[in-house]
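The values are calculated or read from the model by the stated rules, or taken from the named source; none is laboratory data. Just so it is clear, the model here is predicted, and its values are computed rather than measured. All Cβ positions, even for glycine, are placed from backbone atoms using ideal geometry, and neighbour counts span all protein chains on display. For accessibility, only protein heavy atoms count, side chains too; no ligands or nucleic acids. Shrake-Rupley method; radii C 1.70, N 1.55, O 1.52, S 1.80 Å.
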Amino acid sequence: MKEQSTTRGMAILSAAGIAVKLLSLLYVPVLISIIGTNGFGVYNNTYAIFTWVYAMTNIGMQPAIAKLVAELDEAGNPKDALRAFKLSRALLFIVGITATLLLIVFAKPLSDITKNPRAMYSLMTLAPTVAVTSVLVAYRGYFQGRNIITPIGVSQVIEQFANVFVSLLFAYMLMNISLEAGVAGGTVGTSVGALISILYLIYIYNSRKYFKIPKEAQTAHRRHSTKYLVKKVIKYGMPITLSAGLQNFGTVIDATNVRTRLLAGGFSIDSVDQLTGYLGQYQNLAYVPLVFITAIATIVLPAISRAVVNRDKEKVKEKINFAFKVGYIITIPSAVGLVILSSSIYKLLYWKDPFGYKLMMYGAFIMVFMAVVQLQTTILQSLNKFYTVLYTLLAGLIVKIILNYILIAHPEINIYGAIIGGYVGYLITFVLNIRVLRKAIKKRTGYFSLMLAPAAASAIMGVFVHFINKYMLLLLGGSNPSRIHYALVTLIAVLAGVIIYAYGLILTGVLTKGEIESISPRIYNKIPRFIKNRMR
């Protein structure tokens, strides 16, 4: 249980994130088969409200705790780093309990305000999750700040596995009562999974001697007062929480805005539930590659914070360029692949109702902007530009809300207005953040130069994937391919795309021998010799 390198830590969190998302991808079609597309529309809007409450109480605190712990640890004061964690844990638990009670009390008014009256029971069943996860993020923040990554990844997989199993079980049992009860049952596992994840992290924390502070480190530096540490947690936590809350509040407003404007456009309640269900399907799929971005952000935040403590400007720039480089390497080909395979993926996952695939065709590249904005936000927070991030996020959110309001009510545009608003909103935040970041580090970052090679390799990959998908479906399934045919062809197309894209990155020098070996020497050893010979 030791501090892990940037690339290895990112690989561990990415693997955990992919496992979590795969479970989620398997979970959603099964859940839809139980509660229907309309029920999933209710479920999706319920989670928009819950996620906002969760963001305002929890999401921002994990990076805040990680940042403070990393700074204190780098300054040679690990004992105060541990005290900061314990104080944060207590503070977050109080906030979490309060938020849980408020969410239960105001479940009905919130569901009415968001034009989603069927969501009341599911909001009540989700409410305990806020209290449970408030403790969970404190532990994850401490592990993240100490750069001990493996337990975080394992806890995420445990949490999702329990969530999927328990939620599907309760959704199935309660659907016999009513649609509202079935949707509520589909949320029960969220609290259970978080609780099991906490128990695992507590076990790791208590059983590992690596977390004990050496005697020589206990008196090496002047100790900080409790008041100082609490102030620091609030100083870091408040703006990061507001940023996370603002982003997720945009999701709540978006959900309410979408429903309201669809109703204004003349759509029935059932049609609105169906269209928002399609939007939820799209978001669930399109956001899968963002687990890698979350992994990068988790690793980069404490790394940059440590470099700032040491006033190492070159290290800061190196970490920033690393983050954007990996972000582009992951999201650009993912977007290309989702566009090309959108129809096949939807027919594979949503066989009975695959009609939402066009949202993916038009909206997949929003993910690239989302990824870069997420990385920009994390980097600026690492550089203590907390409130500047709020302004840039707010600017993009306001534009997105206005565009959604105008466009979605047009029957011929309808749900696609949310896609257009997303593109423009994230683009505005992206451009504003570029200016802020350049001033903050007084150096140019390779936003566009780092993008060129992944874009070129993705274009080549896209051509091959398109023809593989098209002609293998004709070869295997003829004019009426089955779900098994879609599964087989999609798997082959994805594997071929990964190989072609990776080879393109190696040929262009984007992926180097050192970077691959730092993630796993075993992976490097399995690369064919003719490819190794071309590597830098």
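Scanning the range 219-235 for residues that are open to solvent by less than 60 Å² (accessible area, probe 1.4 Å) and either at pLDDT 85 or above or part of a helix (DSSP H, G or I) (or both), we see that the one that is farthest from Asp73 (Cα to Cα) is Val230. Taken over the range 12-57, the criterion of being open to solvent by less than 30 Å² (accessible area, probe 1.4 Å) and polar (S, T, N, Q) is satisfied by Ser14, Ser24, Thr37, Asn45, Thr46, Thr57.
The condition (being more than 30 Å from Ile330 (Cα to Cα) and of a type in the set (S, T, N, Q)) is satisfied by just one residue among Ser14, Ser111: Ser111.
Just name the residue that is nearest to Phe85 (Cα to Cα) out of those in the range 103-140 that are in contact (Cβ under 8 Å) with a residue 12 or more places away in the chain and outside any helix (DSSP H, G or I). Give the steps one after another, and end with the answer.
Here is the first cut: in the range 103-140, the residues in contact (Cβ under 8 Å) with a residue 12 or more places away in the chain are 103-104, 107-108, 110-111, 113-116, 118-140.
The next check asks that each one be outside any helix (DSSP H, G or I); those that pass are 114-116.
Working: Thr114: 36, Lys115: 39, Asn116: 38 Å.
Only one residue tops the list, namely Thr114.
When you scan the range 468-508, how many residues do you find that are over 17 Å from Ile345 (Cβ atoms), without any contact (Cβ under 8 Å) to a residue 24 or more places away in the chain and open to solvent by 50 Å² or more (accessible area, probe 1.4 Å)? Of the residues in the range 468-508, 6 are over 17 Å from Ile345 (Cβ atoms), without any contact (Cβ under 8 Å) to a residue 24 or more places away in the chain and open to solvent by 50 Å² or more (accessible area, probe 1.4 Å).
Does the range 171-179 include one or more residues that are open to solvent by 10 Å² or more (accessible area, probe 1.4 Å), polar (S, T, N, Q) and in a loop (DSSP other than H, G, I, E, B)? Yes, that holds for at least one residue.
For every residue, the table says whether it meets (1) in contact with a Lys or Arg (Cβ under 6 Å, 6 or more places away or on another chain); (2) within 17 Å of Ala194 (Cα to Cα); (3) modelled with pLDDT under 85.
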position: Asn58; (1), (2), (3): no, yes, yes
position: Ile65; (1), (2), (3): no, no, no
position: Leu68; (1), (2), (3): yes, no, no
position: Gly76; (1), (2), (3): no, no, yes
position: Phe85; (1), (2), (3): no, no, no
position: Ser88; (1), (2), (3): no, no, no
position: Leu91; (1), (2), (3): no, no, no
position: Ala99; (1), (2), (3): no, yes, no
position: Leu102; (1), (2), (3): no, no, no
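Just for helices (runs of 4 or more DSSP H) wholly inside the range 245-362: which have at least 2 residues that are open to solvent by 30 Å² or more (accessible area, probe 1.4 Å), without any contact (Cβ under 8 Å) to a residue 12 or more places away in the chain and in contact with a helix residue (DSSP H, G or I) (Cβ under 9 Å, 6 or more places away or on another chain)?
Numbers: elements: 269-286, 290-309, 313-349.
In the range 245-362, the matching helices (runs of 4 or more DSSP H) lie at 269-286, 313-349.
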